Amino acid sequence: MALMEHLPVEVIGNILSRLGAARDVVIASATCRKWREACRKHLHALSFNSSDWPVYRDITTSRLEILITQTIFQTTGLQGLSILMDDVEEFSASTVIAWLMYTRETLRQLFYNVRTTPNVNILDICGRQKLEMLVLAHNSITGVDPNYQRFPCLKSLSLSYVSISALDLNLLLTACPKIETLELVNPEIAMSDAQVTVELCSPTLNSIFVEAISLDKFILEADSLEFLHLKDCALELFELIGKGTLKHFKIDDVSVIHLDIGETVENLEIVDVSNFTIIWPKFYQMISRSSKLRRLRLWDVMFDDEDEIVDLETIAVCFPQLSHLSLSYDLRDGVLHYGLQGSSYLENVIVLELGWTVINDLFSLWVEGLLKRCPNLKKLVIHGLVSEAKSHEECHMLANFTSSIIRLSRKYMYVDVQFEYE
């Protein structure tokens, strides 16, 4: 206790800021006068989250507004403010505006998920300030003016379940001259014509994550983009226009007719494709020049042509620096889509992840064939899907597979074998 009494008030402020949750901050600041002073003058972060404390959902909205107002107005220099009110009735717009107006000059990070009547225009209130991160959910954005609603310091923008037009979305990026990270989760894109087209342009954008979006065309022009992740999307066309800076490309459960990530993909280091139907010749042509590729994952991938085969020879020759390879086993009509043709070794592969959805006797032979082609392997991870109710034949097959892997483990004693079952 003596040591706590001698802590500088600034240090106490940092301790309270790390607590985050407003309820915990209020309780801790009641320790003594010095801690109350630290809360008033040196608290940097405060969070109100309805999932943290059930009381937020039990009390009336007006009472909750008073509690939040009293807590915020006792601080003088908040840099991070999080107000996430899921499953809470609508707040008064004037009250929420008061919170934002009071804190906006010092805020660096704002996490905002508050339903109000009428809608609060975050861009008008927080624009032209020092905000560096904005996470916005269940809100609407209209009439963006890049000259007035400008975010000169914003580096990270996340929009979830936000209603915005394609034009306003592009104008919003224009209003963020330093933006590096963009997340779009299930946005409601308002369009003026029948064709739903989004065109975004940002010379500074480094990373983009897009989830649950349905469009005819998505055209992204980003000269500095290094990370691209598409998830659970339905697109007719996706086109990336850039200068070959892309390093990490991930696509998961996406339906797209025409996919173009640019002609210059020499800097690609990670390709992760799952739950996706591909035309292998086109996809291979798109990534074949990625000689720097270190990680390749093809998981639950469907081939447009059932006779298409991805052989290890192609992977070994085109991606000599590959160190992490993940493949899911797929046997249809006797055709193994990841064949063992050729004789080239995957010299640099040290981690191998293999999986199945429907196991049969050929799986262990396929695993053994891959082990032989990876002479410097250090770790093997087997992924499997095990149903609750299994027939005698399935149990027998799983037992044979287990025995086969045990024999392989004895043969390749230097390889760490792990299992991950679902």
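The values are calculated or read from the model by the stated rules, or taken from the named source; none is laboratory data. Here the structure is a predicted model, which means the values were calculated and not measured. Every residue, glycine as well, gets a Cβ built from its backbone with ideal geometry; the counts of neighbours run over all protein chains shown. Keep in mind that these areas ignore ligands, DNA and RNA; they rest on the heavy atoms of the full protein, side chains included. Shrake-Rupley method; radii C 1.70, N 1.55, O 1.52, S 1.80 Å.
Of note:
- For the chain, the longest principal axis of the alpha carbon atoms and the long axis of helix 392-411 meet at an angle near 90°.
- For Ala175, distant residues with modelled amide H under 5 Å away: none
- Accessible surface of the chain, 1.4 Å probe, proportion on carbon and sulfur as whole %: 51
- In order through segment 158-172: 3J(HN,Hα) via Karplus (6.51 cos²θ - 1.76 cosθ + 1.60), integer Hz, x for Gly, Pro: 10, 10, 10, 6, 10, 8, 7, 7, 4, 5, 5, 5, 5, 5, 5
- Solvent-accessible surface (1.4 angstrom probe) belonging to Leu123, in square angstrom, nearest 10: 10
- Residue-count net charge about Leu131 - beta-carbon cut-off 15 Å; Lys, Arg +1, Asp, Glu -1: +3
- Given charges at beta-carbon only (K, R positive; D, E negative), |dipole| of the chain in Debye: 2260
- In sequence order, segment 415-420 has phi-based couplings of 9, 7, 9, 10, 10, 9 Hz under the Karplus curve 6.51 cos²θ - 1.76 cosθ + 1.60, θ = phi - 60°, and Gly or Pro positions carry x.
- Between segment 124-153 and segment 312-327, the alpha-carbon centres lie 44 Å apart.
- Helix 61-73 vs. the chain, principal-axis angle (Cα, 0 to 90°, nearest 10): 80
- Cross-link pairs exceeding 31 Å in C-alpha to C-alpha distance, out of Lys292/Lys379; Lys155/Lys243; Lys155/Lys378; Lys34/Lys178; Lys41/Lys231, comprise Lys155/Lys378; Lys34/Lys178; Lys41/Lys231.
- Built amide H within the under 5 Å cut-off of Ser165, gap 5+: Ala190
- Proportion of all alpha-carbon pairs of segment 121-193 beyond 21 Å (%): 14
- In the context of the full set of protein chains, the chain has a per residue accessible area of 49 Å² (1.4 Å probe).
- Cα gyration tensor shape of segment 350-402, rounded if a/c is under 1.5, else prolate or oblate by comparing a/b with b/c: prolate
- Degrees between helix 9-19 axis and first principal axis of the chain (Cα, 0 to 90, nearest 10): 50
- Take every Cα pair under 8 Å whose residues are at least 6 apart in sequence, average their separation, divide by the length of the chain, and the relative contact order is 6 percent.
- Whole-Hz couplings from phi, Karplus 6.51/-1.76/1.60, listed for segment 121-129; x for Gly and Pro: 7, 4, 5, 5, 7, 9, x, 6, 10
- Packing-based ranking, highest mean first, of 320-326, 64-70 given that Cβ atoms within 10 Å are counted: 320-326, 64-70
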